[in-house]
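Structure first, commentary second.
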Protein chains: 4
Amino acid sequence: MQKILDEAVDYARNFLHQGQPASYIPELAKVNSQLLGAAIVTTEGKTYYSGNYKQHFTIQSISKPIALILALKDRSEQYVFSRVGMEPTGDAFNSIIKLETSESSKPLNPLINAGAIAIDSFIKGETVEDKFNRLLNFFRLLADNNQITYDVNVYKSEDSTGFKNRALANFIKDAGILNGDVEEVLELYFKQCSIKVSCKDIATIASVLASNGLNPFSKKRVCEKHYTRLVKTFMVTCGMYDASGEFAVKVGLPAKSGVAGGIMATVPEKMGIGVYSPNLDEKGNSVAGMKVLEYLSNRLDLSIF
Amino acid sequence: MQKILDEAVDYARNFLHQGQPASYIPELAKVNSQLLGAAIVTTEGKTYYSGNYKQHFTIQSISKPIALILALKDRSEQYVFSRVGMEPTGDAFNSIIKLETSESSKPLNPLINAGAIAIDSFIKGETVEDKFNRLLNFFRLLADNNQITYDVNVYKSEDSTGFKNRALANFIKDAGILNGDVEEVLELYFKQCSIKVSCKDIATIASVLASNGLNPFSKKRVCEKHYTRLVKTFMVTCGMYDASGEFAVKVGLPAKSGVAGGIMATVPEKMGIGVYSPNLDEKGNSVAGMKVLEYLSNRLDLSIF
Amino acid sequence: MQKILDEAVDYARNFLHQGQPASYIPELAKVNSQLLGAAIVTTEGKTYYSGNYKQHFTIQSISKPIALILALKDRSEQYVFSRVGMEPTGDAFNSIIKLETSESSKPLNPLINAGAIAIDSFIKGETVEDKFNRLLNFFRLLADNNQITYDVNVYKSEDSTGFKNRALANFIKDAGILNGDVEEVLELYFKQCSIKVSCKDIATIASVLASNGLNPFSKKRVCEKHYTRLVKTFMVTCGMYDASGEFAVKVGLPAKSGVAGGIMATVPEKMGIGVYSPNLDEKGNSVAGMKVLEYLSNRLDLSIF
Amino acid sequence: MQKILDEAVDYARNFLHQGQPASYIPELAKVNSQLLGAAIVTTEGKTYYSGNYKQHFTIQSISKPIALILALKDRSEQYVFSRVGMEPTGDAFNSIIKLETSESSKPLNPLINAGAIAIDSFIKGETVEDKFNRLLNFFRLLADNNQITYDVNVYKSEDSTGFKNRALANFIKDAGILNGDVEEVLELYFKQCSIKVSCKDIATIASVLASNGLNPFSKKRVCEKHYTRLVKTFMVTCGMYDASGEFAVKVGLPAKSGVAGGIMATVPEKMGIGVYSPNLDEKGNSVAGMKVLEYLSNRLDLSIF
């Protein structure tokens, strides 16, 4: 497995010159774009690493399925899905148009920005700080890593340039979807996106999803089976923005990418995979990161289809 | 003329039971919905009044063409119309969908909310207070009334419930259309909408437009001819929200309505008309107000077509 | 007046190198793109000509307001406008998107292709031939010219390449808007668009509209005042495709353009103007034709606003 | 297994009063709406039946993934997916809006009507008859049933009322996506939709997909592994119209439904399932059919996630 992972990373290195880092969050544009790392955590707790796997990066949209689980635990499926839909979308990840043409202004699913912001407004806590601490602790639990924290500079950068997310949040507030104060929900959302992780962290979370809820090292249950299955479904139908369909065809794994360059992929019953490389294609997915996953999927016949 | 105006108001009274006051701004919903007033100010300075013409109400969207003139004076046609379009739209007055499907995220025209918010960001001034004072003074000049001020309660109500306008403002900020700070521009916009006027005030402004820029009483020029013509054009093509086409067919006058129940209409070379009645139809236009204008247009053959 | 018209044409000649003929109808692309002609017919029956005013060209969309009048005569305002809307649109002239997002699939107005096709399905007649003959005779009556006929080659070209119009016609058939057989209505529509006219013909029709329904030479009434007013309104709000707003600001006249390069403009109470030049801008309007009208409007202060 | 299948059908019978048969194709509305049948064909060739499993019904949209395979064999992945996209959509199954707002007018995926019509235009053959015979023979091969034919009455009904499909076909012809003659492609498409199958037929096809291409009885390869995987992916992301996301969450199987009431579902490596019941929910999926699948998935833990 180590050999195959190294091969995958070597293969993906050929694509490091393609794409470019996300520029709309100024802080993200400062990164060394040639980084490439990968980690595998099997459901049996074996770990494999390759390339710049120690590098930390902000989790960004990879946080969305995790926040969804916490919202489901805090409220209920009925509560959440009466406010946010379950359907994939062929539109770009932060589209307003789908909000307005669909009858109810209900965000299409929890993985587009409008839906993810709504989801954050469902998380319980007395104050924003409480809510964020609950969320951060949930990430730490799933990633088996108590050191996880968030990047203040990225948070501030997102907050000061997040006009589109502010537009979306106000739009769903107007539609009666968003709970509570818009700016507080955005604070929670921007902080969540700024959580710093490594390839191993997201591979561990993905391994929990792969085993339907067990910590791969301690074998303790850290998440309900039903919720892990549910988020894996969303990861297949809408985890890779509007390249989700193509990714399903080519790789065939539940996965979620983030604009910092991370991708978290899960192989049901087998393993979690975390990859990182900052250059993104025009759909917002890590170019080299997808190549690592494509190589692994083909080489090990991992597709769920 | 007095007789005909009274007839028009009598006729319109039959429709006072239709429609209902705007409810999305809580402060507006408190009004006596049976009010109906009208005023005519001819370009020769003659005045005619009928019904509850002394009643004050907030100007709301009727302010948009006036703010547009000030923005054109402060910047230039080239500056303004490279950022905000000139085209009418069949969509509802605060639609985001048109912003997103059109290539450039350029608001379609200065009379939809997104365009009007952009226009406000073009108005010059050191501070928001400066900008608002310049705007207020311009309203006072055109209305020949130094007493005009704004309604603090309505302003606060709009500010605390204006999620859709906040969404629009952030959206055009993201698109690089809006100048300066989003919240400051919204403060200016909400205050502008909260300016209190009477039927006579808006009839006087409309008379200035009718005479291509002259104060009807002093005959002094208070506005450039070119700008008065320009805003009259927008009032025909998009002054009555998405009932503009139907209004053009039935009444045939440049007009602008506001959700507080006012309508400002102008009869080129002849007169300005101001009407007020709070009950709105589902398009957002004063039901009885439109009936007054329909009666006058038919009786006096005022259509410009 | 003759001198001013010649000046206008001379001025517009400077723009003959801009734009290009419509290419989507192959037959239209074969034209000499440097042609430029203009005609004025006053409501008193005086005529002025300049440039290639004798050139014949197909009427295309200029036919839409005329067909609308016949449909209104055959049915009623209530019938027509319960099926086709009255609102302008900022979208391109043959957009399907507006049909689908608006609740009722009702075409927004009679001057977009979907609306114009629906209008043709309202025209009475036993057979398509009957219907077309009634329509052709109505054009002859308004243009005071019994020689008017249609161009068979252009008709065939439109019919064999009109996939978008076929899409629109089937879409409104599905929505229950279109009367009768889709292919028969399209035959009528394509033949109507292929009617051959000269600048004088459309100037004469425009003069009828200017005088609210009188033949400018015989002074006989050939159209109801109400209908002439109604179509002039649509010509202002949506006569120049999605440049209608800008045209209203710059020229300020009810006008309708066609993709063959003609524009019919009307100056209420005064005159009809017909211009022709095949090169179109990206909105589908004759570049030099608009320049003639802009010159005349500014020079003679013709704007209705 | 037989017992569990009977339980599933018994459970689903409770929902037979919900929904109603498709009415937009008149011929489909004539059916006995209380029918309910199911068949399972395992990849080892074992068969289980329950309820009205002998009933024949038209295949409708269930044919789309099969036609896609033939088009891929006739052309290539590169050819097909440069013309039709791979992305799911949250819109209704025959939406035009997605065609027009996406840049290239490329249908989003091969399972929406616009995409499926395009796919049919890629199938090779000298004449429409040839093409249809090739398609029909491919269905017979995959279903292991040489008796399969099409329902002439349903075909005629679809052809005479298929205005929306005609609109879509003409729209993609205009965009340069559709190969050849519009009416011929529609003939092929309507005939394909009218192919008559039983639950066993579609269960057998689904079993071929489950085993990555082998006939379950003879074990002979009848389809390339790569293509079976590819269509299973589309079945997950967009097989159940705009309830695909919800179905993935609740059932978690690649499936394709048709408006006649059939659903074909595949359990990778294990079995194919065919269900039939004519009453549809508002999304266009068989109500009782989905209940059978939901029961089986939960009872046997079949979800791929």
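The values are calculated or read from the model by the stated rules, or taken from the named source; none is laboratory data. What you are looking at is a predicted structure, and each value in this text was computed from that prediction instead of being measured. When we count neighbours, we look across all protein chains shown, and the Cβ atoms used for this are built from the backbone with ideal geometry, even at glycine. Accessible surface areas use protein heavy atoms only, side chains included; no ligands, DNA or RNA. Shrake-Rupley method; radii C 1.70, N 1.55, O 1.52, S 1.80 Å.
Overview of values
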item	result
Which numbered condition B:PRO268 fails, given (1) more than 10 Å from every other protein chain (Cβ to nearest Cβ); (2) open to solvent by 10 Å² or more (accessible area, probe 1.4 Å)	(1)
Residue check for D:VAL222: more than 14 Å from chain C (Cβ to nearest Cβ) and either closer than 17 Å to D:SER257 by Cα or modelled with pLDDT under 95 (or both)	no
Residue match in the range D:246-264 (condition: without any contact (Cβ under 8 Å) to a residue 24 or more places away in the chain and closer than 18 Å to A:THR237 by Cα)	yes
Of all residues in the range C:156-176 being assigned to a helix (DSSP H, G or I) and closer than 22 Å to C:ASP74 by Cβ, the one that is most open to solvent (accessible area, probe 1.4 Å)	C:LYS173
Some residue of the range A:45-52 being open to solvent by 30 Å² or more (accessible area, probe 1.4 Å), modelled with pLDDT of 95 or more and small (Gly, Ala, Ser)	yes
Total residues in the range A:212-270, condition charged (D, E, K, R) and over 23 Å from D:GLU246 (Cβ atoms)	6
Unique match (being within 14 Å of chain D (Cβ to nearest Cβ), crowded, with 24+ Cβ neighbours inside 10 Å and not polar (S, T, N, Q)) among A:VAL231, A:VAL249	A:VAL231
Condition check for C:TYR189: within 18 Å of the chain's Cα centre (by Cα), modelled with pLDDT of 95 or more and open to solvent by 10 Å² or more (accessible area, probe 1.4 Å)	no
Residue that is surrounded by fewer than 20 Cβ atoms within 10 Å (Cβ to Cβ) and assigned to a loop (DSSP other than H, G, I, E, B), where the choices are B:ASN179, B:ASN153	B:ASN179
Matching residues in the range A:141-150 - criterion: being in a helix (DSSP H, G or I) and closer than 15 Å to A:PHE57 by Cα	A:ALA143
Residue check, D:ALA255 under 24 Å from A:ALA248 (Cβ atoms), within 14 Å of another protein chain (Cβ to nearest Cβ), of a type in the set (A, V, I, L, M) and out of contact with any Lys or Arg (no Cβ under 9 Å at 6 or more places or on another chain)	yes
Some residue of the range D:103-124 being open to solvent by 60 Å² or more (accessible area, probe 1.4 Å), modelled with pLDDT under 95 and among the hydroxyl-bearing types (Ser, Thr, Tyr)	yes
Residues located in the range C:11-30, provided they are over 17 Å from C:SER257 (Cα atoms) and in contact with a Gly (Cβ under 9 Å, 6 or more places away or on another chain)	C:ARG13
Residue among B:GLY284, B:GLY289 that alone is on the phi < 0 side of the Ramachandran plot and either more than 9 Å from chain C (Cβ to nearest Cβ) or open to solvent by 20 Å² or more (accessible area, probe 1.4 Å) (or both)	B:GLY289
Residues of the range A:57-90 classified as assigned to a helix (DSSP H, G or I), out of contact with any strand residue (DSSP E or B) (no Cβ under 8 Å at 6 or more places or on another chain) and of a type outside the set (A, V, I, L, M, F, W, C), total	7
Any hit, the range B:74-83, residues being closer than 20 Å to B:ALA255 by Cα, aromatic (Phe, Trp, Tyr), surrounded by fewer than 24 Cβ atoms within 10 Å (Cβ to Cβ) and within 14 Å of chain C (Cβ to nearest Cβ)	no
From A:ASP144, A:ASP242, residue being away from chain B (no Cβ under 14 Å), open to solvent by 10 Å² or more (accessible area, probe 1.4 Å), touching a Phe, Trp or Tyr at 6+ places or on another chain (Cβ under 8 Å) and modelled with pLDDT under 95	A:ASP242
